[in-house]
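Comments concern the structure below.
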Amino acid sequence: MKKLINLAAGTWRMHECGSDIWHEAHIPGSVYADLMADGTMPDPFYRDNEFAFFELMKKEWEYVCSFRLAEEALMPAHLELVCEGLDTLADVFLNGVLIAHADNMHITWEWDVKPLLHWGENELRIIFRSPINFCAEKHAQAPGWESSDATPGFRHLRKAHCMFGWDWGPRLPDAGVWRPIYLRCWDAARVESALITQQHADDQVTLTIAPEMKGQADWQAIITAPDGAVLTTPVTNAATAEIIIETPALWWPRGYGEQPLYTVEVRAIVDGIVVDTWVRRIGLRTLSISREKDQWGEEFCHIVNGAKIFAMGADYIPEDNILARVTPERTRRLLEDAALANMNTVRIWGGGYYPSSAASAPFDGFYDICDELGLLVWQDLMYACAFYDLTEDFEASIRVETEQNVKRLRHHASLALICGNNEMEVFMGYAKDSLVLGDDRYNPKNHRHVTDYVKMFEYLLPRIVKAHAPDTFWWPASPSSGGDFDGPNDYDRGDVHYWDVWHGEKPFTEYRKFFFRYASEFGFQSFPCLKTVESFTEPGDRNIFSRIMERHQRNGAANGKIMAYLAQTYKYPNSFDDLLYASQLLQAEAIRYGVEHWRRNRGRCMGAIIWQLNDCWPVASWASLDYYGRWKAMHYAAKRFFAPIMISAEEEGELSQNPKINEYRTTPIERSIRLNVANETMQDVTGVVHWALRTADADIVREGSVELTVPALSAKWLDKLVFEDATLTGHYVSFEFNVDGEVVSEGTALFCAPKHFDFLDPQLTACVEGDEIVVHASAFARQVWVESDDRAGTPGADLLLSDNAFDMNAGAKRIRILRGEAKNLRVRSVYDLGR
């Protein structure tokens, strides 16, 4: 029977090579994590400690483990050292003998070490070479285009690129044993993996199971249904076997159905004895991408079990620059919070790493949680914003990397597609054109970078994916229209990264000019809350243009951009805390404009993936959840604009993001709205739309109602409403959609920028009643924010509510407490900005 001997349980220590000072080491772990654990170094995220930690990675570090083996442990025919993650340049020695040199953190390294092991004490040594020095040397030898946000030369090393810095992340290229390390002991055979394909017909699914064995053995597959029913194949030595599942329980993305999971166990059998098992969970579903031609061009949408799905979600980046701090519990909380905000999709961005708990474990962390929650996974391969040199060594390494990770992920119900890279087809297309035009903007040394790109992403990598995951859709890049430099980022085909709002400083209303088939990146920055800012600053640092605040802002002049957008939208805040709050309101409003518009145009638009879901350190960024998992206003807004049933308004009035004062125009400005109800469920929905034109004190001027049936998976417009009796700055419209007497979605619309609206003091109060907070307002209140003070003068940030940053009419609103403690409640709204 196969056995694993966990070497992480051995005695580990580490030191800087050449130093006599040793430190206790933790495995999995890293240099930074170990130096922090014993107090040698402070937290690298505090103030500008990053600089000192960066210098540490110009040195070499040695990890040493002593472990004892009993005589019987040496008896199996095969004793293999398995390192599931070495980050990254590592020389591995066992009992004084150099085994190999590792140079790819995305690979599981395996070596037969039986001849080197002996009874009693054994010693494993791993020397980690400097990633910074390596990249600098390679960059000097072979320069090429790569993102300027990271340390030069990062493209030469198969290490999470963002560890070298990004426009939201620090330059902290850590090193260490970052995943499990163990001895694998086995004799005649073991199960390495299994390819499971599905054929769906009528009310049955045929599973074809093809195990991949090391050694010689018979095998058998056992399928356990969600209800406990068991199906088995005969014991066989054939290459494949089939199992037919009648009346299958189908797996659906979140919001479209349930997520039943079947357990597949493959047993290796020698002389009637089970010598190894491979256990995974699968979901029964068909899942691909529809690229049908239509009147607008070519659609791009997930199609699951025959249903076309509107993708609603966010882009995931590594959860921490110190990978040892990422725990299964933290990952689960992050993904559950994505699901709680009604997201059904996450895109794993290509500049990080392939998340997981352990490649060898039946429960594969990130992806199993996505299977359970019904979150579709757009999986980038780990290439981003760089031109790679396809040398023989590089090709050999990425072949292994791709094959290993595709085999590890292919069985997951949530795996929606595998994408070759992030933004490289767009940039490589510019380089390709520059060769023709004689323009060296992207400095391609010759045609080789373009040729290497085509080899990698049009031939090599897609063929590996097709060979090992034939049922998984391949997409060459993001954004792309299908590859071959055929109009990547085309607005009418494929997926789009749109950044004119934010980088281009266009107004929020600009989103409404575009009907992207699938927006896989768009975003807007904000600051984290005060409690998070306090974690990395001293009181004197708390000005957004201070040196420390700018060190925790990696997107150039972004703080100034936030201020420019703020000037167009809100009155100037009077305190640092209010400025942080206002930035989050801006972010929520910007993204709401885009998502609501695309959902109103469902069918033409079929995906809204926000950049980004999370942070890897405390920073001003595009994230909706900050480094500590605290919800920004945008995440609460996402819960509303990603709701399965959503009412929204396309208003006409003053161009709310135009710095010009539109009241001075000679032609009248129409004050009107068009309401729309989007139904992203599998059933038709009938309800009543109610709207009201109100004054600033929330009194109703006039109102109306209409009964409406919205077919499943569609969006339906109502007739335009014109309010000639409304003023730009003194009236607003409230609207809601009621189903069976319950308000399932609601909102408000202004005809002017919030800074121009004549808000009255809503005299907001909040009190706790059981597991609810009741908020009272005496007038219209916009973007109401409720928080608890966990110590005098400092807003608490760990109180999670069922709703926040919401609009309300005069009256009372009840919100549930989902997490944390509600005490010393504080409540504010847009009215309070500038007062």
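Projecting the Cα atoms of V677, F723, G483 onto the dipole axis of the chain, where Lys and Arg carry +1 and Asp and Glu carry -1 at the beta carbon, places F723 farthest toward the positive end. Cross-link pairs exceeding 19 Å in C-alpha to C-alpha distance, out of K407/K455; K755/K823; K571/K823; K138/K159, comprise K407/K455; K755/K823; K571/K823. Against the main long axis of the alpha-carbon atoms of the chain, helix 424-437 sits at an angle near 90°. Scaling the Cα radius of gyration of region 665-762 by the globular reference 2.2 N^0.38 Å produces a ratio of 1.20. Taking a ≥ b ≥ c as the square roots of the eigenvalues of the Cα gyration tensor, region 178-332 is classed as oblate, since a/c reaches at least 1.5 and a/b does not exceed b/c. Tell me the net charge near S147. Cut-off is 11 Å between Cβ atoms, S147 excluded, with +1 for each Lys or Arg and -1 for each Asp or Glu. Every neighbour counted, the sum reads -3.
The sum of -39500 (n - 2.57) across all DSSP H runs of n ≥ 4, divided by the residue count of the chain, sets its helix-only mean residue ellipticity at 222 nm to -5500 deg cm²/dmol.
With contacts taken as Cα pairs under 8 Å at a separation of at least 6 residues, region 701-759 carries a relative contact order of 27 percent. Projecting the alpha carbon convex hull of region 472-518 along each direction and taking the average yields 3.8 nm². Note that region 561-652, at 10 °C in a medium of 1.306 mPa s, gets a Stokes-Einstein diffusion coefficient of 111 µm²/s from its Kirkwood radius over C-alpha pairs. Residue ranges 413-420, 53-60 sort as 413-420, 53-60 when ordered by packing (mean number of other C-beta atoms within 10 Å per residue, highest first).
The residues of region 240-358 expose, per residue, 34 Å² of accessible area to a 1.4 Å probe. When the alpha carbon gyration tensor of region 148-235 is reduced to an equivalent ellipsoid, its three semi-axes come out at 43, 22, 13 angstrom, largest first.
Within region 3-70, the proportion of Cα pairs with more than 20 Å between them is 35 percent. Taken as Cα centroids, region 553-568 and region 176-245 sit 53 Å apart, rounded to the nearest whole angstrom.
Using the Cβ-Cβ distance between D20 and E110 with R0 set to 41 Å, the FRET efficiency works out to roughly 0.75. The share of Cα pairs per 5 Å bin across region 290-368, counted from zero up to the longest distance, runs 3, 12, 18, 20, 17, 12, 8, 5, 3, 1, 0 percent. Between helix 558-569 and the chain there is an angle of about 20 degrees, using the helix long axis and the longest principal axis of the Cα atoms.
With every protein chain in place and a 1.4 angstrom probe, the accessible-area ranking of C529, C162, largest first, reads C529, C162. Once the mean of 1/r is taken over each pair of separate Cα atoms and inverted, region 49-112 shows a Kirkwood hydrodynamic radius of 14.3 Å. Beta bridges per DSSP, both residues in region 268-401: antiparallel share near 60 percent. Here is the tail figure for the chain: Cα pairs spaced more than 47 Å apart come to 26 percent of all pairs. Answer rounded, prolate or oblate for region 747-835, using the Cα gyration tensor with square roots of eigenvalues a ≥ b ≥ c: rounded when a/c is under 1.5, else prolate when a/b is larger than b/c, else oblate. Verdict is prolate for region 747-835. Element breakdown for region 1-90 at a 1.4 angstrom probe: carbon and sulfur atoms account for 52% of the accessible area.
A straight line joining the Cα centroids of region 53-115 and region 338-416 runs 24 Å.
Could you check how many percent of all C-alpha pairs in region 225-282 are farther apart than 15 Å? That fraction is 61 percent. Ranked by the mean number of other Cβ atoms within 10 Å of their residues, highest first, the peptides 75-84, 238-247 fall in the order 75-84, 238-247. Each peptide in 65-74, 625-634 receives the mean, over its residues, of other Cβ atoms within 10 Å, and ordering these scores from highest gives 625-634, 65-74. The value of relative contact order for the chain, using C-alpha pairs under 8 Å at least six residues apart, is 9 percent. For region 744-835, the relative contact order works out to 32 percent when only alpha carbon pairs closer than 8 Å and six or more residues apart are counted.
The values are calculated or read from the model by the stated rules, or taken from the named source; none is laboratory data. This is a predicted model, so every value here is computed, not measured. For neighbour counting, all protein chains shown are included, and Cβ atoms are generated from backbone atoms with ideal geometry for every residue, glycine included. When the accessible area is computed, the model is the full protein with side chains, heavy atoms only, and any ligands, DNA or RNA have been set aside. Shrake-Rupley method; radii C 1.70, N 1.55, O 1.52, S 1.80 Å.
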